[in-house]
Amino acid sequence: MRENERPTLLTRRQIILASGVAMARTLPFLQIRRATAAPEIPAAKLRLTTGTRTLSVNGKPARVFGLIGPNGKPGIMLSPGERFCVDLVNQAGTSTIVHWHGQVPPWTQDGFPWPQTPPIPAGDTHSYDYAPIAGTFWMHSHQGMQEQSLMTAPLIVRSAEDMRADRQEVVLMLHDFSFRTPEELLAGLTKSNGNQSAMPKSGMDSNMNVGSGSMGAMNMGSGMAMDLNDTHYDAFLANDRTFADPEVIRTQPGGRVRLRLINGASATQFWIDLGALTGTVVAVDGHPVRPVRGTRFPLAMAQRLDVLIDLHGNGAYPIFAQVEGKRARTGIVLAAPGAPVSRLAAEAGENAPPVDLSLERHLKAVTPLAQRAPDVTHRVILAGAMAPYAWSLNGEYWPNVTPLMVTTGQRVAIEMLNHTMMPHPMHLHGHAFQVVAINGASLAGAVRDTVLVPRMGSVTIAFDADNPGRWAFHCHNLYHMMTGMMTEVRYPAII
Ligand SMILES: [Cu+2]
């Protein structure tokens, strides 16, 4: 086990950018900072570079993408009041486009490959300048399946309150990793589960598959089975490291931590287990919620959790992220100064249950939407199956879709009905929505950007249409999205 308090300890795990710049420090996205006196408002443009790098995974070299920000660290951390003023330099050797997940920029800066906003060619630079919203966000490629190859990074926007809180900030970003290419992974799904060309072009799937044993089906004991974990992965990473060699973060005196959890995995959901510690969830997807205390929290694909943890002891405390339906886990270790850190078992004693809405039901936004009836309600049917492997929204497969039209000023509701045996983490670009119903029961839930729609269940979200443009609305399981599970929320008069 190694510690990375000091960059010089990390030579074995160097990241090498395609440009040939050797970096002294792999990850951390770990940002240990104490609050400083006054927030700075720098006007300087930040440089963010896409490139390739080599990680060591299970003792073998792994060539992956990377998004390296100012100071050579992955991603970007902004100070309170600082604009997202960024030059994105594409040194990945291929065209790319990077989405600022959960942020609400003008649509032409959203990082989605619309005809009007094509990908950035290799070698080119594209500039962004918008006012960000504070919280725990992330960035990932929206080009092809680059996300699976770790073209992902944290995007943290600190608030004035964060600065006042004087908590040690720890970012924990999760990934699923395979030595196979994303194309091979997708081909494995579509070939072993039927010919993708056989996907229905219209209408709903009628041949819903319940349980495809080899693909991680979980028998629910009721004659029904649900599908978990489409893809077999070689490793699960926390800040680019496996649990055999986890990042050890030394806590500062007082042990006051703000843990910013990001599920950047392409097709994996996790249970966050604080072990011996108890935490308080204070934000989801960057948006503050009323405090919820606990030790285990579900984290769907693309979602984030901010958890306050006070370490009262002087020990070492693993933070586990266990894959749903599996014993596999990854994580980091929070350790008091000088505390010995012992080796941890790479697998939990038993399989984790499916990620569910147990936390979602208890969440309440600190700043909910104003009370108002929806002006328009769109109903979206989530359909699809493991065989043939194809997933749809309202019977349509991206890019052959009918946009969901909204008009500036409307309160919009989207009722998502999941007719499949998998849960789908649905993400809307360009807006924060409130979760207002689960399985038909109304609630005034969290404001967020990604919500899990349970198998054979429903979730209704509401938002104010205040950001004209073209906005992707899709399942954040990369393989579901790639086989069709995406549509568009569109404002009129956008050319
Ligand atoms: Cu899905």
Task: Per-region count, region 380-390, residues more than 24 Å from A462 (Cβ to Cβ) and either without any contact (Cβ under 8 Å) to a residue 12 or more places away in the chain or assigned to a strand (DSSP E or B) (or both) - done: 3
Task: Hey, G440 open to solvent by 40 Å² or more (accessible area, probe 1.4 Å) and either more than 11 Å from the ligand (Cβ to nearest atom) or among the hydroxyl-bearing types (S, T, Y) (or both) or not - done: yes
- [ ] Consider V412 carefully, then state whether it is under 22 Å from the mean Cα position of the chain (by Cα), away from the ligand (no atom under 16 Å from the Cβ) and in a strand (DSSP E or B).
- [x] no
Task: All strands (runs of 3 or more DSSP E) inside region 61-102 with 3 or more residues being at positive phi - done: none
TODO: Using the structure shown, decide if S442 is closer than 24 Å to D285 by Cα and small (G, A, S).
DONE: yes
Task: Complete set of residues in region 120-132 that are in a loop (DSSP other than H, G, I, E, B) and open to solvent by 50 Å² or more (accessible area, probe 1.4 Å) - done: P121, A122, G123, D124, A131
Open item on the list: Being under 13 Å from H474 (Cβ atoms) and modelled with pLDDT of 95 or more: is that true of N394 here?
Closed with: yes
Task: region 417-430 - residue that is more than 11 Å from the ligand (Cβ to nearest atom) and assigned to a strand (DSSP E or B) and, of those, nearest to the chain's Cα centre (by Cα) - done: L428
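Just to be sure before I move on: is L452 open to solvent by less than 10 Å² (accessible area, probe 1.4 Å) and either under 22 Å from the mean Cα position of the chain (by Cα) or modelled with pLDDT of 95 or more (or both) in the structure I sent?
Yes, satisfied.
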TODO: Answer yes if at least one residue in region 465-483 is surrounded by fewer than 23 Cβ atoms within 10 Å (Cβ to Cβ), assigned to a strand (DSSP E or B) and within 13 Å of the ligand (Cβ to nearest atom), and no otherwise.
DONE: no
Open item on the list: Out of the residues in region 443-464 meeting the condition of being among the charged types (D, E, K, R) and more than 13 Å from the ligand (Cβ to nearest atom), tell me which one is nearest to A383 (Cα to Cα).
Closed with: D449
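Going by what's in this entry, would Y479 be described as in contact (Cβ under 8 Å) with a residue 12 or more places away in the chain and farther than 13 Å from T408 by Cβ? Steps first, answer last, please.
Working: in contact (Cβ under 8 Å) with a residue 12 or more places away in the chain: yes; farther than 13 Å from T408 by Cβ: yes.
Considered against the rule, which asks whether it is in contact (Cβ under 8 Å) with a residue 12 or more places away in the chain and farther than 13 Å from T408 by Cβ, Y479 comes out as yes.
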Task: Count of residues meeting criterion [open to solvent by less than 20 Å² (accessible area, probe 1.4 Å) and more than 14 Å from the ligand (Cβ to nearest atom)] in region 361-387 - done: 2
Open item on the list: If I filter region 393-401 for residues that are away from the ligand (no atom under 11 Å from the Cβ), open to solvent by 40 Å² or more (accessible area, probe 1.4 Å) and at positive phi, do I get at least one hit?
Closed with: yes
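The values are calculated or read from the model by the stated rules, or taken from the named source; none is laboratory data. Treat the numbers as computed from the prediction; the structure is a model and nothing was measured. Backbone-built Cβ (ideal geometry, glycine too); neighbour counts: all protein chains shown. Quick note on the areas: whole protein, heavy atoms, side chains included, nothing else; ligands and nucleic acids left out. Shrake-Rupley method; radii C 1.70, N 1.55, O 1.52, S 1.80 Å.
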